[in-house]
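Colleague: Pasting a structure here, questions to come.
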Amino acid sequence: DSTVEIEKLNTEIKKMSEEIKKKNEKLEFKNKQLLEKEEEIQTICEQLIETCTNNDNNNNKEKQTRVKTTFNTILKEQVKESTQTPNQNDDTEQKESSDSKPSTSLPKTYTEHVFDALRALKLRKAFRKHAKCVYSIHLSSFENGKYLGSGSQDKTVRIWDVNVTKELVSFEGHSEPVHCVKFSDYHYHNNHGVVIASASNDKTICLWNLTTKKMLATLKGHQRGVKSIQFSSFSGGRYLCSGSNDKY
């Protein structure tokens, strides 16, 4: 009887060992995924800082440097606060509190520090006119980034003056939400004024002129909603590429 019981115990121990091994493997996999996500978020945040301004003029370079410096300073402060060694008084208080209740606090991850730093950044300007969600924005590369274009679920395209936080025009013509907007360098540098292109779920791409405040052209061809557009980086931005749910 004792031999049988020992065999049963050994079998149970073996099963438990296998379960523990599997759980450890899952835990290692989850930790690996977490680290990968941390790296992704870090990369995204760095790209966010890098693309705060995308022009080559000195003003934007200075602005980009200020943003990076401010963000990095806040991030360092956040990390320092969570990792600094407490003083003796704090040690005494912590001992007293630990005697009565175990601590459940965990050290902050890099991601948490990043979001704390982002939350600490102050709002500089707000543009409020759209009635529904804003799906796309684009800052002009000409006139020192003076113009900001936006496309919304409310089916409108709007152009703003970022220097005075003012709406300059609201274009209505799409019958479905606007998913993407892009300013045209080609039109601007060929004396056609400030022109913005918009891609909509109504299967069309429209070109709008700020000077005349009218639609310049409508491009049709897609069989389903147009999700993305981009002017070419060559030939002065003469060509426009579009992507749609119709897979073309």
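Readers should treat all values here as calculations from the given coordinates under stated rules, not as data from a laboratory. In this text, all values refer to a predicted model and were calculated from it rather than measured experimentally. Quick reminder, even Gly has a Cβ in these numbers, built from the backbone with ideal geometry, and neighbours come from all protein chains shown.
Colleague: Among what's in the stretch 182-219 and is without any contact (Cβ under 8 Å) to a residue 40 or more places away in the chain and on the phi > 0 side of the Ramachandran plot, pick the residue that is surrounded by the most Cβ atoms within 10 Å (Cβ to Cβ).
Modeller: 193
Residue-wise test of (1) under 24 Å from residue 132 (Cβ atoms); (2) in a loop (DSSP other than H, G, I, E, B); (3) within 26 Å of the chain's Cα centre (by Cα).
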residue: 163; (1), (2), (3): no, yes, yes
residue: 176; (1), (2), (3): yes, yes, yes
residue: 180; (1), (2), (3): yes, no, yes
residue: 192; (1), (2), (3): no, yes, no
residue: 197; (1), (2), (3): yes, no, yes
residue: 228; (1), (2), (3): yes, no, yes
